[in-house]
1. Those residues that are at pLDDT 85 or above and among the β-branched types (Val, Ile, Thr), I need them from segment 91-109; list them, please.
2. Mind checking which residues of segment 66-95 are loosely packed, with under 15 Cβ neighbours inside 10 Å and not in a helix (DSSP H, G or I)?
3. Please list, ordered by first then second residue, the pairs with beta carbon atoms under 9 Å, 6 or more apart or interchain, first in segment 26-43 and of a type in the set (Asp, Glu), second outside any helix (DSSP H, G or I).
4. Can you tell which of 49, 17, 53 is touching a helix residue (DSSP H, G or I) at 6+ places or on another chain (Cβ under 8 Å), at pLDDT 95 or above and of a type in the set (Asp, Glu)?
5. Being assigned to a strand (DSSP E or B) and closer than 20 Å to residue 108 by Cα is the requirement here; does residue 48 meet it?
6. Would you mind telling me which numbered condition in (1) modelled with pLDDT under 95; (2) at negative phi residue 65 fails?
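The values are calculated or read from the model by the stated rules, or taken from the named source; none is laboratory data. None of the values given here were measured: they were computed from a predicted structure. Neighbour counts are summed over all protein chains in view; Cβ atoms, including those assigned to glycine, are modelled from backbone coordinates with ideal geometry.
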Amino acid sequence: MTDDLHRFEDDTVPPADAAVTVFWRPGCMFCSSLLRGLERTGLAFDRVDIWEDEDAAAFVRSVADGNETVPTVRIGDLALVNPSTRDVLRAVADRDPDALPETARGELAQGGSGRVGQILGRLFGADG
């Protein structure tokens, strides 16, 4: 999983909450890639444009060393900075496996991280 993993204090969110929020901004290719990957798995998530929501931008800065690094994903009291689709799915699975749709479970079970991961896995026999 990504090294940019942060827990933060939020008394309003139960620790086992698996609700997913993706903080993004227009023009961010990493955001577009993550959003497409999550949509492909069927995982339910909310999107928040940090350029339209100052509170969201402040949250991202609070977990990304003062930077507005996107995508940043919030899952309950967990924040992932610039995660892969697979990182998000693993975090949701750890918190609430029942929250994963069948297609997301398949993504985790196959060991790939999307099309590139599948190709790399075939080429090198490794998880991409």
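1. The answer is 92, and nothing else.
2. Correct list: 66, 67.
3. 39/45
4. On the way: 17 fails: at pLDDT 95 or above; 53 fails: touching a helix residue (DSSP H, G or I) at 6+ places or on another chain (Cβ under 8 Å).
Answer to the check: 49.
5. Details: assigned to a strand (DSSP E or B): yes; closer than 20 Å to residue 108 by Cα: no.
No.
6. Residue 65 satisfies all of (1) modelled with pLDDT under 95; (2) at negative phi except (2).
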